[in-house]
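The values are calculated or read from the model by the stated rules, or taken from the named source; none is laboratory data. As the structure is a computational prediction, the values presented were derived from the model and not from experiment. We place every Cβ from the backbone using ideal geometry, glycine too, and count neighbours over all the protein chains shown. The accessibility values were calculated without ligands, DNA or RNA, using every heavy atom of the protein model including side chains. Shrake-Rupley method; radii C 1.70, N 1.55, O 1.52, S 1.80 Å.
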Amino acid sequence: RSGLRPGSAPIVSYVCFDGLPVSCQYLDAQRHCAAVWATSEPGAAYLRAEGIRVAGIAPPGVDRAEFQALPDKIALRREIGLRCQFLVGVFATNTKRKQLPRAVAGFAMAAAALPGSDPHLYLHCRPDGYWDPVELARRQGITERVIMLDSYSEAHGIPLVAPHSRRASIHNLGYADRLALCDVVVNTPYSGDVEQVILEANACDVALVHTD
């Protein structure tokens, strides 16, 4: 907002809100913009209800050359030493807004109900955020079925694509391959405008569990 000064060059805003309602300071910033674009119809409707003119709606997309289905995900799992028959992935920032405890509890229920499926859970989030993934898994008695990151910077992320010659574990794969390696991805936010992982999972032909 401090950069939106009268007389400065026109500013176009492309806004994707994590949740509603939005803080007044962020809404006020939109009012100082020459044009505001939303990422979804619900996001646009909210902005208009707050008296902000919306120039248009431009949903985000993914590069299908990078996000695509794996030809044989079972073979890749074996290559990196992952012997599970069914892999569930949760890709999320480790913040209060993400329902990681419910995702872990739901996985534990599914694992107990389907013992022959040998399911495993991959938590793609930093281990030292709002939630404690190690403790969540321990409470549900599924520690041996959960794959976690030892360390992870949400600010820097991981490479989208990693050299195939370096495949030794899931931790050496690029982001797109980790996503495509899953059979199901569980999206965990309490609220949001557009969740990018939904589009990425769809591009990788991975089934999705998502709250409405």
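Values for this structure:
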read-out: Probe 1.4 Å, accessible area per residue of the chain, Å²; value: 56 Å²
read-out: By accessible area with a 1.4 Å probe, ligands and nucleic acids excluded, highest first: order of T188, T95; value: T95, T188
read-out: Solvent-accessible ranking of K73, K98, largest area first, probe 1.4 Å; value: K73, K98
read-out: Portion, in percent, of the accessible area of the chain that falls on carbon or sulfur, probe 1.4 Å; value: 53 percent
read-out: Computed log₁₀ I(q)/I(0) - Debye formula, equal Cα scatterers, no solvent, the stretch 32-108, q 0.14, 0.24 Å⁻¹; value: -0.82, -1.08
read-out: Among beta bridges that DSSP assigns inside the chain, antiparallel share in %, nearest 5; value: 5 percent
read-out: Residue list for the stretch 24-68, given a label point 7 angstrom along the Cα-to-Cβ vector of D18 and an amide N cut-off under 16 Å; value: 24-27
read-out: Over the chain: helical MRE at 222 nm, DSSP H runs n ≥ 4 each giving -39500 (n - 2.57), nearest 500; value: -8000 deg cm²/dmol
read-out: (1) 1.17; (2) 1.07; (3) 0.97, with the label sought being that of the calculated Cα Rg over 2.2 N^0.38 Å; value: (1)
read-out: Ordering of 202-210, 21-29, 9-17 by burial proxy (mean other Cβ atoms within 10 Å per residue, highest first); value: 202-210, 9-17, 21-29
read-out: Distance histogram for the stretch 1-70 (every C-alpha pair counted, 10 angstrom bins, percent rounded to whole numbers); value: 18, 45, 23, 11, 2, 0
read-out: Gaussian network model of the chain, Cα within-10 Å springs - most flexible of P133, P71, P119; value: P71
